[in-house]
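Since the structure comes first, as structure tokens, the remarks are kept for the end.
The values are calculated or read from the model by the stated rules, or taken from the named source; none is laboratory data. Bear in mind the structure is a predicted one, so any value in this text is a computation, not a measurement. Positions of Cβ are backbone-derived with ideal geometry, glycine not excepted, and every protein chain shown enters the neighbour counts.
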Amino acid sequence: MSLKVVTEACPLCDGSGWKTVSNGADRRVTRCDCWLKARSERLLAAARIPKRYEHCELSNFDFEGAQLSLAPARMAACRFVEEYPLDTSGLLLVGDIGRGKTHLAVGIAKALIREKGVPSVFYDYRELLKEIQNSYNASVQTTELELLRPVFDTDVLVLDELGAVKPTEWVWDTVSLLINSRYNDNRTTIITTNFEDEPAAGAIGRSLSPAKAATRKETLGDRIGERMRSRLHEMCRIVKMDGATDFRETIRSANYR
């Protein structure tokens, strides 16, 4: 005897993906909740969010107590979701390691997918550069253009830890290609970086003393170049994330309680 699998159709749309909405004499059709849910699930599966960050939501971002200084950043993230796509300006999340930048960026992407059906993709800056370099290997079937197509085309790109790779001419050229492509197409980019949003050493206009040069920390200008840093300022609103404690350390400690 053969078994026939029966899929239950949605009672609202009978499987069509459209439902009728009535408001008095006015009747119209709109996308059914089942279709929106299925689309959100597909977009989430394609968003490349690492398992480490799958738990990250705007709703569970800690901005109370010792993390109260992060409240403005969380507020900016919620406002970003509310205003998109009327405002397509991106966000540049700046702060030390462990301030919750990636958590906030992933939370934004997931909220856009679930609440507005916006295609969003996550890329770690270091991993992306490695994948591009690997595409030059003759044995690899994926070309650089095929690899970069979703980076160029997705409505919202989350680029995590910009500047984490030591700058070379190739790195600068690649960053320029990526940022300029999204800028020219007016696409939204959410970026996190551990480097201060300050000019490169050579752009300060005067040479530093040996003592100051020895203690000076590298900046975002040093890592991606002043031209691209200036372009980011045109594309993104700057959100500084200053916390009293390490966000990840707080999460780890909470898990042991």
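Just a few scattered comments:
- Residue in segment 117-126 that is within 29 Å of Asn184 (Cβ to Cβ), touching an Asp or Glu at 6+ places or on another chain (Cβ under 7 Å) and surrounded by fewer than 16 Cβ atoms within 10 Å (Cβ to Cβ) present: yes
- Flag for Thr188 being out of contact with any Gly (no Cβ under 6 Å at 6 or more places or on another chain) and among the hydroxyl-bearing types (Ser, Thr, Tyr): no
- All positions within segment 154-183 that are farther than 14 Å from Leu232 by Cβ and more than 14 Å from the chain's Cα centre (by Cα): Ala164, Val165, Lys166, Pro167, Thr168, Glu169, Trp170, Val171, Asp173, Thr174, Leu177
- Number of residues in segment 2-51 that are surrounded by 15 or more Cβ atoms within 10 Å (Cβ to Cβ) and at pLDDT 85 or above: the value is 7.
- Members of segment 131-181 that are among the basic types (Lys, Arg) and in a loop (DSSP other than H, G, I, E, B): Lys166
- When Tyr84, Tyr136, Tyr123 are checked against the criterion of being among the aromatic types (Phe, Trp, Tyr) and either more than 24 Å from Val239 (Cβ to Cβ) or free of Cβ contacts under 8 Å to residues at least 12 places away in the same chain (or both), Tyr136 stands alone in meeting it.
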